[in-house]
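The structure appears below as structure tokens.
The values are calculated or read from the model by the stated rules, or taken from the named source; none is laboratory data. It should be emphasised that the depicted structure is a prediction, and the values quoted were computed from it without experimental measurement. For neighbour counting, all protein chains shown are included, and Cβ atoms are generated from backbone atoms with ideal geometry for every residue, glycine included. In case anyone asks, the SASA skips ligands and DNA or RNA and just uses the protein heavy atoms, side chains included. Shrake-Rupley method; radii C 1.70, N 1.55, O 1.52, S 1.80 Å.
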Amino acid sequence: MKLVTNARLAGRDGLHDIEIDGDRFGRVAPAAEPGGGPAADVLVDAAGGLVSPPFVEPHVHLDTTLTAGEPRWNASGSLWEGIAVWSERKATLTRDDVIARATEVLRWYAANGVLHVRSHVDVTDPGLVALDAMLEVRERVKDVIGLQLVAFPQEGVCSFDDGAELLEEAARRGVDAVGAIPHFEDTREDGVRSLEIAFDVAQRYGLLLDAHCDEIDDEQSRFVEVLATLARRGGLQGRATASHTTAMGSYNGAYSYKLQRILARSGVNLVCNPLANLCLQGRFDAHPKRRGLTQVKEMLAAGVNVAFGHDDVMDPWFPLGTASPLQVALVGIAAAQLTGAAEIDEAFAMVTDRAARVLGLGDGYGIAPGRPANLVVLPASSPYDAVRRQTRPSHVIARGRVVAETPPAVTRLTWPGRAPEDVDFVRARDRDPGRS
Ligand SMILES: [Zn+2]
């Protein structure tokens, strides 16, 4: 039995010790008095830092990652030019190329404390090169990261030759979820049909569903209502997700109100990707330029589960990124105006608990007896503090093993009239280790 000691847990007073028995959690109990308890095998002393279940990435494209500038930069910055650039790069894909890039970014995720990742994989490729490579990656990383793969038809289901057959073949080869891209299909009818095909495949193979849905600044793009209705009528409540949903940023008030009810009843999850979509959307607007994002605040208030995703890490759609969920949360707070104290906590949940719901992790997630021993230790006093100071975890524990350690970054400041001293950006009252 090993212990993570002196852990600060969200929603609980005081500090706690967490037992780890093999790759599972044991009991969680108030921290022992110094020198008072039996000599325990301390795995990590959290020293009053915030201990959280690991971060969860609900939406990334690992097959396209680390390709920004190949074979050319996305000069206009639009989603559409990004798809065209990727189509050129896709022609040169090899299995080793995909495995190397995806693995590198998964290493970044683990270092940042992300131990569950959902990656979309482009299956509009007759050779399914990226899919076979990613199935191999999923197997190789499973002792550290739980990787879900979504069959993503980047160039369409009905509008791409053999699109429906490729989607089904991906299901046969072992993806976790089926995707779609209805707003990209040539006609409205093809968009609806593509969702029907995706739901049919998901149901026949017992898979989850996660569609890129309405990622366009067109207020007429309303496929999320179709997705939600198919989910509800098909009994896929809680198992279906609409990602991006940026057209929502352009819907009028009356339709938005109607949509909130449809989505809440359907139990579908929404994933907002603020880094990528703040960059991609509004590219065809003169001023004023729309934000082009999911109605995060409104949908949360309506009882819809919403999570934040990274979407792209250095690819034709977003050229930056370090696979940091706290960076996504910070930008998401600014983009969706989640500045209330409870809303900032909610933004932290959107890269932890709420994202775990998107992946359907259930009892496979959370710090409780019997669950997989996955956690992060953040040198922070609260979720608010972790988001504000963008603290990388001091320790990441996966399946009971420490897989990443980050020493604190220290800046020494020489200030007029004062001796040189360290600056940690913490207010004096937040340094009190007894503060809960
Ligand atoms: Zn995406």
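Quick look at the numbers
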read-out: Filter pass, Glu19 being within 30 Å of Pro319 (Cβ to Cβ) and outside any loop (DSSP other than H, G, I, E, B); value: no
read-out: Residues within the range 312-324 that are within 15 Å of Arg107 (Cβ to Cβ) and either more than 16 Å from the ligand (Cβ to nearest atom) or touching a strand residue (DSSP E or B) at 6+ places or on another chain (Cβ under 6 Å) (or both), tallied; value: 2
read-out: Checking Val328 against (1) within 16 Å of the ligand (Cβ to nearest atom); (2) more than 30 Å from Leu207 (Cβ to Cβ); (3) part of a helix (DSSP H, G or I), the condition it does not meet; value: (2)
read-out: Strands (runs of 3 or more DSSP E) (entirely within the range 343-436) containing at least 1 residues that are within 25 Å of the chain's Cα centre (by Cα); value: 375-378, 395-398, 401-405
read-out: Enumerated strands (runs of 3 or more DSSP E) restricted to the range 29-84, each holding at least 1 residues that are within 23 Å of Pro383 (Cα to Cα), open to solvent by 50 Å² or more (accessible area, probe 1.4 Å) and at pLDDT 95 or above; value: 41-45
read-out: Unmet criterion (only one of (1) polar (S, T, N, Q); (2) within 16 Å of the ligand (Cβ to nearest atom); (3) more than 15 Å from Gln220 (Cα to Cα)) for Ser266; value: (2)
read-out: Residues that are buried (at least 24 other Cβ atoms within 10 Å of the Cβ) and over 16 Å from the mean Cα position of the chain (by Cα), drawn from the range 269-291; value: Leu280, Gln281
read-out: Count of the range 395-420 residues which are closer than 14 Å to Asn374 by Cα and open to solvent by less than 100 Å² (accessible area, probe 1.4 Å); value: 9
read-out: Positions within the range 344-395 being among the aromatic types (Phe, Trp, Tyr) and within 22 Å of Thr322 (Cα to Cα), in sequence order; value: Phe348, Tyr384
read-out: Test: residue in the range 225-244 that is hydroxyl-bearing (Ser, Thr, Tyr) and under 21 Å from Asp176 (Cα atoms); value: yes
read-out: Only listed residue being under 21 Å from Arg261 (Cα atoms), among the polar types (S, T, N, Q), at pLDDT 95 or above and open to solvent by 10 Å² or more (accessible area, probe 1.4 Å), chosen from Gln220, Gln237; value: Gln220
read-out: Residue, farthest from Thr67 (Cα to Cα), within the range 92-139, restricted to residues that are among the charged types (D, E, K, R) and within 16 Å of the ligand (Cβ to nearest atom); value: Arg118
read-out: Residue in the range 201-217 that is among the polar types (S, T, N, Q), without any contact (Cβ under 8 Å) to a residue 60 or more places away in the chain and open to solvent by less than 10 Å² (accessible area, probe 1.4 Å) present; value: no
read-out: Members of the range 148-166 found to be within 16 Å of the ligand (Cβ to nearest atom) and either among the hydrophobic types (A, V, I, L, M, F, W, C) or open to solvent by 10 Å² or more (accessible area, probe 1.4 Å) (or both), listed by number; value: Gln148, Leu149, Val150, Ala151, Phe152, Gln154, Glu155, Val157
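Yes/no per residue for (1) at pLDDT 95 or above; (2) touching a strand residue (DSSP E or B) at 6+ places or on another chain (Cβ under 6 Å); (3) within 29 Å of Lys142 (Cα to Cα):
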position	(1), (2), (3)
Ala336	yes, no, no
Met350	yes, yes, yes
Asp353	yes, no, yes
Val358	yes, yes, yes
Leu375	yes, yes, yes
